[in-house]
Amino acid sequence: MRQENKYNPVWKVYFHRTKTTGDIFYVGMTCDKSRPNSAKSRNNLWKENVALHGFPDVEIVKANLFYLEAQYLEQFYIKKMGRISGGGIVTGK
């Protein structure tokens, strides 16, 4: 991450939804315009979901956020939905 991006409202929070059901299975944040639509550097659970259901539908939850706002919102949704490892639905970090 370029340092100046941390202090500019260029961040977004996004969901990945399973193509077949519309269920959210990933919550992410980025300042990279192409990251929500990329399969690069994803975890194994994400890859398994995509292998079963196809590349996910992407929903931009909120854009034009500062870094700390995006970080808070991403963590909020992950806590709200829960991680798969703890019985929730989110495959992310």
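Our estimate of slack between Asn43 and Asn8, defined as 0.36 nm per intervening residue step minus the Cα-Cα distance, is 9.8 nm. When you filter the GluC sites (Glu not before Pro) in region 28-93 for DSSP loop state and at most 10 other Cβ atoms inside 10 Å of their Cβ, nothing is left.
Rounded to the nearest 500, the helix-only mean residue ellipticity at 222 nm of the chain stands at -8500 deg cm²/dmol, with each DSSP H run of n ≥ 4 adding -39,500 (n - 2.57).
With Cβ to Cβ distances under 11 Å as the rule, what net charge do the other residues near Asp23 carry (K, R +1; D, E -1)?
+1
Binning the alpha carbon pair distances of the chain at 5 angstrom intervals from zero yields the distribution 3, 14, 25, 24, 20, 9, 4, 1, expressed in whole percent. With a simple spin-label model that places each label point 7 Å from the Cα along the Cα-to-Cβ direction, the separation between Asp32 and Ile89 comes to 2.6 nm. Springs join every pair of Cα atoms under 10 Å in this Gaussian network model of the chain, and among Arg83, Arg42, Arg17 the largest mean-square fluctuation is at Arg42. Each residue of region 1-50 gets 81 Å³ once the volume of the Cα convex hull is shared out per residue.
Please tell me the relative contact order of the chain in percent, rounded to the nearest whole number, where contacts are Cα pairs under 8 Å and at least six residues apart.
39
Please work out the average accessible area per residue across the chain, using the 1.4 Å probe convention, and give it in Å². Here the residues of the chain average 63 Å² of exposed surface.
The values are calculated or read from the model by the stated rules, or taken from the named source; none is laboratory data. Since the structure is predicted, the reported quantities are computational estimates derived from the model, not experimental observations. Positions of Cβ are backbone-derived with ideal geometry, glycine not excepted, and every protein chain shown enters the neighbour counts. Accessible surface areas use protein heavy atoms only, side chains included; no ligands, DNA or RNA. Shrake-Rupley method; radii C 1.70, N 1.55, O 1.52, S 1.80 Å.
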